[in-house]
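These notes are about the structure you will find just below.
The values are calculated or read from the model by the stated rules, or taken from the named source; none is laboratory data. Keep in mind the model is a prediction, meaning the values are calculated, not measured. Virtual Cβ from ideal backbone geometry, glycine too; neighbours counted across all protein chains shown.
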Amino acid sequence: MSEGLFTQLLDLACGAFLLAAVVVLWRRELAAIVRLFALQGVALAAIALLLGLHEDRWGLLVVAVGIGALRAGLLPYLIRRALKAFVAERDGSHEGHEEGRETQPLVNVAASLLTAAALTLLAYAVARPLVELDPTPATRALPVGLAVVLIGFFVLVTRRRALAQVVGFLLLDNGITATAFLAASGVPLIVELGVSFDVLLAVLVLQLLTVRVREAFGTTDIDDLRELHD
């Protein structure tokens with residue numbers, strides 16, 4: 001693969017990776033948010049795949065396949081299944097409609113998009129010294145990973161639905177993974193497998209807790225649960 005083609009494809013994959021995180025802030029339907037997370041998983045797998053092809057690292061190609069299967073396939077499937085279970089309990093009712101949407105995030109859509117722009121600029125400013133040390137195509141895309149880390153954390157702290165917060169946690173993890181790939185041209189296979197299994201276990205635990213909370217209190221809205229505590 002030529003250097004020019006590699007740079008163009010990597011920029012395209014990184015652009016899709018960042019765009020998916022930004023659009024999550026725009027959409028309120030949880031089903032659409034899960035689909036965007038799956039698309040981001042595809043973009044993350046593409047980043048690892050391009051780095052592996054460019055550097056002839058077969059281990060990184062295996063990691064790319066694993067990332068695609070886990071973060072674009074299995075994890076979205078688990079979240080989607082939990083979402084369908086919640087909506088099915090209230091099928092046709094107002095509660096079921098609200099359970100499938102992030103009705104009242106702590107920050108509105110316009111402010112969220114402006115915050116995402118500010119966080120992206122912050123990521124580019126923070127990463128600039130690192131980029132200047134080694135201005136390769138991968139390193140120049142490093143701010144994208146940092147921006148997704150910040151956006152994922154923002155989603156995590158501003159969404160009220162438990163499933164939306166799970167997606168925020170996974171966006172944060174995707175950003176950390178992308179940063180590792182772009183900064184160090186990938187990580188050892190055993191490390192990525194260990195991290196992926198940890199993330200899978202965390203999602204399974206969070207899904208179980210969310211289901212239990214929904215069965216016990218009839219909602220996963222954080223504000224409603226806080227009122228019950230008060």
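Within segment 25-40, residues that are outside any strand (DSSP E or B) have Cβ atoms under 7 Å from residues that are of a type in the set (Phe, Trp, Tyr) in these pairs: GLN40/PHE17, counting only partners at least 6 apart in sequence or on another chain.
One residue stands out in segment 1-34 among those that are farther than 22 Å from ALA117 by Cα and touching a Pro at 6+ places or on another chain (Cβ under 8 Å): the one that is surrounded by the fewest Cβ atoms within 10 Å (Cβ to Cβ), namely GLU3. Residue check: is LEU172 farther than 18 Å from ALA125 by Cα and modelled with pLDDT of 85 or more? Yes, satisfied. Scanning segment 128-170 for residues that are crowded, with 24+ Cβ neighbours inside 10 Å, farther than 22 Å from LEU83 by Cα and either free of Cβ contacts under 8 Å to residues at least 24 places away in the same chain or of a type in the set (Val, Ile, Thr) (or both) returns PRO143, VAL144, VAL148, ILE151.
Taken residue by residue, segment 50-69 has at least one member that is at pLDDT 90 or above and surrounded by 22 or more Cβ atoms within 10 Å (Cβ to Cβ). VAL131 - would you say it is of a type outside the set (Phe, Trp, Tyr), in contact with a Lys or Arg (Cβ under 8 Å, 6 or more places away or on another chain), closer than 19 Å to THR179 by Cβ and modelled with pLDDT under 90? The answer is yes for VAL131.
For VAL87, the conditions (1) touching a Ser or Thr at 6+ places or on another chain (Cβ under 9 Å); (2) modelled with pLDDT under 80; (3) β-branched (Val, Ile, Thr) all hold with the exception of (1). Inside segment 1-24, can you point out the residues that are in contact (Cβ under 8 Å) with a residue 24 or more places away in the chain and of a type in the set (Ser, Thr, Tyr)? Within segment 1-24, just THR7 meets the criteria.
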